[in-house]
Amino acid sequence: MWYATRASGYTALVLLSASVVLGVLTSSRESRRDWPRFVVQSLHRNLSLLVGVFLVVHILTSVIDPFAKLNFIDAFVPFIASYRPLWLGLGVVAFELLIAITATSLMRHRLGWRSWRFVHLFAYASWPIAVIHGVGTGTDTKLIWALALVGVCVLAVIAALIWRLAHAGPRFTALRVLGIAGCCAATAVLVVWMAAGPLEHGWAKAAGTPADLLAGSLGTPAGTPAATTTLSAGLNDPLVGSVVQSAANATATLTDTRDRTLQVVIVANSDGTGTLTVTRSGVRVCATSATFSNSGVTGQCGAVLATIQVVDQGNGSVSGTLATRKAGA
Ligand code: HEM
């Protein structure tokens with residue numbers, strides 16, 4: 001479910017950005033023979049409806065999945081969730097603005113052009129709010145593909161807006177220049193905020209992840225009793241990290257590349273032969289501690305069996321996998 005939340009979130013963001021770009025292009029009233037205006041308009045309308053479909057999946061799966069302990073009220077009343085309340089709340093605001101835009105568009109003929117257009121301008125607010133929600137709430141924000149997707153979405157919308165403002169005719173020149181400067185400034189602010197916030201170490205805590213989720217997902221220093229982490233069955237996640245050698249042992253700290261909030265700390269004895277023999281671990285997959293074998297850690301939490309395999313790559317780096325399955329399956 002959590003994978004579906006993340007996948008549908010990004011799909012909705014890409015479709016929403018494409019729909020905003022097409023909306024900006026249709027508002028320019030320009031029509032080309034090979035790209036007539038009615039084609040752009042119907043594509044804009046259909047993409048917007050598809051955004052709605054993916055958002056329903058996004059919201060349903062985030063509520064059904066037990067990880068963030070969200071309920072349906074959190075999905076409709078902004079800023080009250082216990083999981084990253086501000087950033088999640090912005091998603092709710094963006095979603096509700098989109099509902100207003102869709103509803104008024106479907107009733108456009110009854111509402112009249114002026115009222116419809118007034119509400120439709122909210123689209124411009126809903127898109128950046130959705131971008132900030134995705135970046136601020138998302139687990140995948142730091143991954144290259146996620147950064148690339150957000151980058152492409154932002155550049156496409158900003159480029160469309162600048163093009164629109166630059167081709168809007170001779171009237172209101174000062175306002176249009178101000179608009180273009182505003183677009184560039186907003187992009188710069190987004191980049192600086194991302195670098196100082198969501199891309200920084202410790203964002204999960206700063207963003208308002210509940211303490212029990214943080215304790216469950218972060219590795220603890222070797223030897224100290226570790227917090228219980230809730231793992232779901234069906235994971236097969238690559239781990240990457242580094243290993244620090246001391247005279248007595250080697251400590252490998254690995255991060256789950258699919259879920260950056262999940263870290264695994266493993267202490268192994270270093271016998272000088274290049275083989276790491278795991279002796280104890282900072283990760284516990286359940287209230288009872290895990291069992292150790294030569295190359296990994298296996299433990300059971302309720303019905304979930306987790307295996308962590310680690311390979312010493314040399315030069316201080318380690319890689320591995322975290323696999324979980326239903327016990328007995
Ligand atoms: C226009 C509306 C929305 C858009 C475009 C959107 C998009 C996104 C994106 C792109 C992410 C990042 C996913 C990741 O990093 O893997 C995300 C995360 C998330 N969204 Fe939304 N979202 C919207 C509204 C909502 C609403 C109304 C909820 C209410 C339940 C919600 C719940 C979540 C949750 C729980 C996450 C965190 C998933 C994770 O940790 O990866 N979103 N959203």
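Read the figures in this text as sums done on the coordinates, not as results from a lab. Bear in mind that the values here come from a model prediction, so they are computed numbers and not experimental data. Ideal geometry is used to build each Cβ from the backbone, glycine not excepted, and the neighbour counts take in all protein chains shown.
Peptide packing for 176-188, 47-59 was compared via the average number of neighbouring C-beta atoms within 10 Å per residue; ordered from the highest value, the list is 47-59, 176-188.
Distant-in-sequence amide contacts of Leu262, defined by a placed amide H-H separation under 5 Å and a gap of 5 or more residues or a different chain, comprise Asp256.
Mean separation of Cα pairs under 8 Å and 6 or more residues apart, divided by the residue count, gives the range 2-206 a relative contact order of 22 percent. Put simply, when 126-135, 197-206, 233-242, 3-12 are sorted by average Cβ atoms within 10 angstrom per residue, most first, you get 126-135, 3-12, 233-242, 197-206.
Sequence-ordered 3J(HN,Hα) estimates for the range 114-129 from the Karplus curve with 6.51, -1.76 and 1.60 and θ = phi - 60° stand at 4, 5, 4, 5, 4, 5, 5, 5, 4, 4, 5, 7, 5, 5, x, 5 Hz, glycine and proline given as x. Between Ser317 and Val243, the built amide H atoms are under 5 Å apart, and every one of these is 5 or more places off in sequence or on another chain.
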